[in-house]
Structure formats: structure tokens, C-alpha cells
Amino acid sequence: MPAAATPPTPVTGWGRTAPTAARLVRPRTYEEAAVAVLAGGARGSIARGLGRAYGDAAQNAGGAVLDMTGLDRIRTIDAEAGVVVCEAGVSLHRLMEVLLPLGWFVPVTPGTRYVTVGGAIGADIHGKNHHGSGAFSRHVRALDLLTADGTVHRLTPTDALFWATAGGMGLTGVILAAELRLHPVQTSLMAVDTERAADLDDLMARLTATDHRYRYSVAWIDLLARGARTGRAVLTRGDHAPREALRGRADRTPLRFAPLRLPPAPPHFPGGLLNRLSVSAFNELWYRRAPRHRTGEVQSIAKFFHPLDGVPHWNRIYGRGGFVQYQFVVGHGQEETLRRVVRRIADRGCPSFLAVLKRFGEADPGWLSFPLPGWTLALDIPAGLPGLAGFLDELDEEVAAAGGRVYLAKDARVRPQLLESMYARLPDFRALRREIDPEGVFVSDLSRRLNL
Ligand SMILES: Cc1cc2nc3c(=O)[nH]c(=O)nc-3n(C[C@H](O)[C@H](O)[C@H](O)COP(=O)(O)OP(=O)(O)OC[C@H]3O[C@@H](n4cnc5c(N)ncnc54)[C@H](O)[C@@H]3O)c2cc1C
């Protein structure tokens, strides 16, 4: 029995900009996924996980969107070696629920655990450990990929198609399952050091000098602060807490994982509440409340990695117009570009809650993987901000001129002309797609917009 398709239904990314309508199909087996792809029709198909990409990567106007959350079985766990084999629709949240009690953690987690394994490979996501561990796909030992002709290929890192698929935004085919290497942990808690940085230069100096001492590192930066305080930040870094760091109840259940969830944000949030004044007051309070220097605080995984996951649908606080997440990376040696961009954002007064600055490690082998060794900044901006499109186009020009790039999993608006200079292997990616998918079966709003 083929999986039933819905009538055309509006689909958006997490930023809720640019919804488009597609038929949704939810396959539960390899066969159902193959039938859905072969029946995709003239407007083709794209796989979708939990829709946490901010822009239009998991949308397909007028075509089919394969909701992969129906393939959500964890097949095998090797608790000795730390290897899990699971279907691509399993979320990282589910993996944590199952694996933490066994003493294992996912190799890379983004700022939300509500992403699927397929989405994690499709965008080749990075986490707070990129400087030491690289992006997600480095920890994938094998994957099953359904290609345009309906066949399933078992790929390993020795295959070119593996590295075109890692970060390939679903455009090489549908990832059906993957085998992942895990990270051993003694507890489900984190030991965290926190410090404040007075401005951007202070922050970069601290990250450069001591990031190598920490497995995880991230800076929350106040982009509304100006003048001598431009780029002030709170730096949080840490590692999984060792058993001896726990006290009391935590010591009796060291591997317990039960994150709290508050009620969801209301569906209709007045977008106008977020303005320069209200966000600036929030950022000020948050900066003042952070300790100047604190070491070894024990925190939950949810608090350290996924502070926003506690409020379901928090993306509604930007109102109906939605929001854009702008994330770029520039290499080491391009600090002046970073300073200039941060100053421009601060001078422009974008009402942006805490932005995130990270120092990436080595570039990843995925052909369209985002990370480059250097500095990455991510910030949320309400989509209705007057003049936003032109402003971000100017920032793109600066980033591209510095040899940097924007992140496709966050993007909803970059101009296609800049993409080739940002992603050097884009011509190889296009050539491989023409070879394995000559009819253009896999297509998304993102791929049409950017001619991927
Ligand atoms: C609060 C928040 C914090 C975030 N923090 C980070 C971060 O720190 N680092 C980071 O890298 N990203 C981050 N992201 C982005 C997120 O990790 C990625 O967009 C991820 O791809 C989302 O996974 P998903 O399952 O929701 O996939 P979707 O958003 O549904 O899809 C994303 C892409 O993956 C493809 N895809 C999905 N499933 C499959 C499949 N089975 N086969 C083939 N392709 C597939 C889709 O076609 C699409 O191109 C964050 C997002 C949010 C909302």
C-alpha cells in the first residue's frame, strides 16, 4: 500500500517566512518511500525532518514533501562499542532518551534536540564541539540513500555520493537510515564554566586562547550593545560532568534524562512586542545577571545545549511575519570583517535577542558543508524589519568578499549569484546531481531559488 498524500498543505521552515503548499506524504518503510519518490510528479519531491531549518530547505511548492518522521525506528545499539543504527526520522531527542541511560551521547547536537538524523546529515549540522569534533557527518559510519531511480544505496565515507549527501540539503536523495558513532558519558549533566567578555576583541581573545581546553564552547553575544561595549558577551564552555562532580539526587540517578517542557507559546503572538527597546532591556538584564567568572557549575543537558527547547513553538513570538536567522562564517585572518559586520548590526539596531558566536575547527569534507576554520555568527531578526533585505545583501557581500559563506540550513534570502564564490564545490555538486538525478526528481524551494 503506498502512503497516502495530503491535499496541498502550507509548509514553512522554522522562521515561518515564505510558506508554500505541497502534498505531504509520510512513508513508514523503504518501499513506501521509494513509491512516493517515483510518484513525485512534475514538481518532484524533497525529504523533510522536523522542519527546524529556518528557511525554505524542506519545502517544495506544488510538489511533494516526504515527511520522514514515520521512519523512526532505532534498529540496533552496540552499547560496548558506542554505535547506533537508526532510521533517518528518529530525532536527536529520542536518541538522547534511549542512549543516555546506557552512558552514550550523540556525537554532535545543534541548539535544539528536535531535529532528525536525516536533517542532521542533510544540513551536516555543527554543534558547540565543532572546534574539536567537526560536523555531524564525520561521525556517520554508513547511510542508506534512496536515489531518484528508486534504488537504495549503502554509502560509506569512501563514496563521493556520501560527501555530496552530507550537507547536500536533501538534493541527492532521501536518507533512510544511518549508523552513528557515539560519545561515552558518565553522567547526563554538564560541568560548565561561565565568564563575561567586555567586548568583541576580548571575546575573540578568550576563545582563541582557551577553547582547546573545552569540548563544548559557545558565546552569547549582545548585538544591541554599542560603543566600547560592542560585542560584549557571556561565554559558556564545558564538558560532560564526571561522576564525582554529582551530589544528592543527581548522584543517585547520574544518567537520568527528563527535560522540562513548558506550555507552548500562544499561536497568535503580537509581533510588535519585540522592538529595539524591549530586546535591549532583556539583553542588558541577561548580561548583568551572568557571573563574571564561575567554574564547574553542574547544568542539565537541556539548559546547556537546548535552552529554547523548553518552550514549544517559541518561534511564534516573532508574530505572523516570522523571522530570519542570519548565520555566516569567515575564516581566521578575517577578524576585521567580523568586527565590521558586528558594528554594522549594532549600529543598525536590529532587535536581535542573544546572538551566538562560535569558533569553528577544521572544514568538513561534505561538498556543501557550512563550517570553515574561523568565526561563525548567528542572529535572529524579525522578518518585517524595514530595509532588512538590502541590509543583509550588503552583509552577504562583505562575507563573500572575505571568502566566507552563509549557512543554507538557515537561509531564506541569499542571492544565487553569490553562492558559487561561497561554496567552491557547488559545480561538482551540480554535475553529480545531473548524473544521478537527470530528471530533477529531488527539488526544493531552496534549490529552485538558488539554482543548486
Ligand atoms: C533553535 C534552533 C537551533 C539550531 N541550532 C543549530 C546549530 O547549533 N547548528 C546547526 O548546524 N544547525 C542548527 N539549527 C538548524 C537545524 O539543526 C538544521 O536545520 C537541521 O537540518 C534541522 O533538521 P530537521 O530534521 O528539522 O530537518 P528539516 O528542517 O526538515 O530539513 C532540513 C534539510 O535536511 C533535509 N533532510 C531532512 N531529512 C532528510 C532525509 N531523511 N533525507 C535527506 N535529506 C533530509 C531537508 O531536505 C532539508 O534540506 C538550529 C535550528 C533551530 C530551530
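Odds and ends about this structure:
- Under 5 Å, built H, 5+ apart or other chain: amide partners of Ala22: Thr9, Val11, Gly62
- For Asp239, the residues whose modelled amide H falls within less than 5 Å of its own, excluding neighbours fewer than 5 places apart on the same chain, are Ala191.
- The phi-based Karplus calculation (6.51 cos²θ - 1.76 cosθ + 1.60; θ = phi - 60°) puts the 3J(HN,Hα) values of the stretch 372-382 at 10, x, x, 10, 10, 10, 10, 9, 9, 9, x Hz, whole numbers, x for Gly and Pro.
- Near the amide H of Val298, within less than 5 Å, lie the amide hydrogens of Val192, all on another chain or at least 5 residues away, with H placed in the peptide plane.
- Working note: 222 nm ellipticity from helices only, DSSP H runs with n ≥ 4, each -39,500 (n - 2.57), summed and divided by the residues of the chain, gives -7000 deg cm²/dmol to the nearest 500.
- Isotropic mean projected area of the C-alpha convex hull, the chain (nm²): 20.6
- Per-selection Kirkwood Rh - the stretch 114-218 (Cα, Å, 1 d.p.): 15.9
- Averaging 1/r over every pair of different alpha carbons in the stretch 153-270 and inverting the result gives a Kirkwood radius of 19.0 Å.
- For Leu308 and Glu31, a Förster radius of 30 Å and the Cβ-Cβ distance give a FRET efficiency of 0.20, rounded to the nearest 0.05.
- Accessible area ranking (1.4 Å probe, heavy atoms, ligands and nucleic acids excluded), largest first, for His130, His332: His332, His130.
- Packing here is the average count of other Cβ atoms within 10 Å per residue, and on that basis the peptides 97-105, 118-126, 33-41, 66-74, highest first, run 118-126, 66-74, 33-41, 97-105.
- Estimated distance in nm for a label pair at Arg344 and Thr295, the labels positioned 7 Å out from Cα along Cα-to-Cβ: 4.0
- Dividing the Cα radius of gyration of the stretch 2-42 by its Kirkwood radius returns 1.05 for Rg/Rh.
- If you take all other residues with their beta carbon under 15 Å from the beta carbon of Tyr214, and give Lys and Arg +1 and Asp and Glu -1, the sum is +3.
- Taking Lys and Arg as +1 and Asp and Glu as -1, the other residues whose beta-carbon sits under 10 Å from that of Gly55 total 0.
- In order along the stretch 58-70, phi translates into HN-Hα couplings of 10, 10, 7, 3, x, x, 10, 10, 8, 6, 8, 6, x Hz, rounded to whole numbers, per the Karplus curve 6.51 cos²θ - 1.76 cosθ + 1.60 with θ = phi - 60° and x for Gly and Pro.
The values are calculated or read from the model by the stated rules, or taken from the named source; none is laboratory data. What you are looking at is a predicted structure, and each value in this text was computed from that prediction instead of being measured. Cβ: placed from backbone, ideal geometry, glycine included. Neighbour counts: every protein chain shown. Just so you know, the surface numbers come from the protein's heavy atoms only, side chains and all, with ligands and any DNA or RNA stripped out. Shrake-Rupley method; radii C 1.70, N 1.55, O 1.52, S 1.80 Å.
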